[in-house]
1. Take the Cα atoms of the range 8-127, find their three principal axes, and give me the spread along each one in whole Å, biggest first.
2. Taking the chain as the reference, fit the longest principal axis to its C-alpha atoms, fit the long axis of helix 161-171 to the helix C-alpha atoms, and give the angle between the two in degrees, 0 to 90, nearest 10.
3. Past 30 Å, Cα to Cα: identify those pairs from Lys109/Lys168; Lys208/Lys231; Lys73/Lys231, in the order given.
4. Relative contact order (percent) for the range 131-228, with alpha-carbon contacts under 8 angstrom and 6 or more residues of separation?
5. So how much slack lies between Glu195 and Gln41, counting 0.36 nm per residue of separation and subtracting their Cα-Cα distance, in nm?
6. Please identify, among Ala103, Ala122, Ala36, the residue showing maximal mean-square fluctuation in a Gaussian network model of the chain using a 10 angstrom Cα cutoff.
7. Between Thr108 and Ser212, 0.36 nm times their residue separation minus their Cα-Cα distance comes to what?
8. Going by alpha carbons, how many degrees (0 to 90, nearest 10) lie between the helix axis of 65-74 and the longest principal axis of the chain?
Amino acid sequence: MNPVTGKKVLIIDDESSIREMIAIALEMAGYEYLEAENIQQAHEIIVDHRPDLVLVDWMMPGGSGIELTRRLKKDTTTAEIPVIILTAKGEEDNKIQGLEVGADDYITKPFSPRELVARLKAVLRRATPQGVDEPIEIEGLTLDPISQRVTIGSRPLEMGPTEYRLLKFLMTHQERAYSRAQLLDQVWGGNVYVEERTVDVHIRRLRKAIGSTHDFLIQTVRGTGYRFSAKRSV
């Protein structure tokens, strides 16, 4: 018997046979699972139960998997939940469309249970780097990965989901300089089509969000990119 991972996966597909096949594969790999047969039911489950990952079929009654993904990624309370889109469509533009709305990966049907579990594990690893789930505190700046809140002292900070992911990566990888390309790969994901200068925009937004008392933590490394460090640059 496989050990329970403690991770909960929501399976969204209108075909009960597909849901059953996925459920068996997840159960054998030690995952808990929830099921939904349409988009409305799925969103209610996501709000009530906060799964660790969502598997959603591209074509669904009452709305597409793309629409649900876009909705989840725009809402700061659900933006951090990884989404894998299941699709029978292999065309390149459909794959790009899924990634552009924020999907973390896609799997083309038919797929094997082994492939599904392997891709799911990879996405979950990226979503929780180094298994971090304890609050991280540096110079009074605290990031809590469980509640997904960032505070300075007792004051909550407002920031978008991309700035949050960027800050989380930097705080868990201190003192190392990262190029823009490396940050894109680690924070946005290697399959996402965005320009390197996008990193600069989000770094500016992140510095603004944490304020002038703590923006020194995010340092520009000339000729390379950025690093997070509590050591003030001279």
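Read-outs throughout are calculated quantities, based only on the coordinates presented, and are distinct from any laboratory measurement. Bear in mind the structure is a predicted one, so any value in this text is a computation, not a measurement. Positions of Cβ are generated from backbone atoms using ideal geometry, with glycine treated the same way; all protein chains shown enter the neighbour counts.
1. Ordered largest first, the range 8-127 gives principal extents of 34, 33, 30 Å.
2. The helix 161-171 is inclined about 60 degrees to the chain.
3. The pairs that break the limit, which is 30 Å between Cα atoms, are Lys109/Lys168; Lys73/Lys231.
4. Once divided by the residue count of the range 131-228, the mean separation gives 27 percent.
5. Going from the current span to full extension adds 51.8 nm.
6. Of Ala103, Ala122, Ala36, the Gaussian network model singles out Ala122 as fluctuating most.
7. Residue separation times 0.36 nm, minus the Cα-Cα distance, leaves 32.8 nm.
8. 20 degrees
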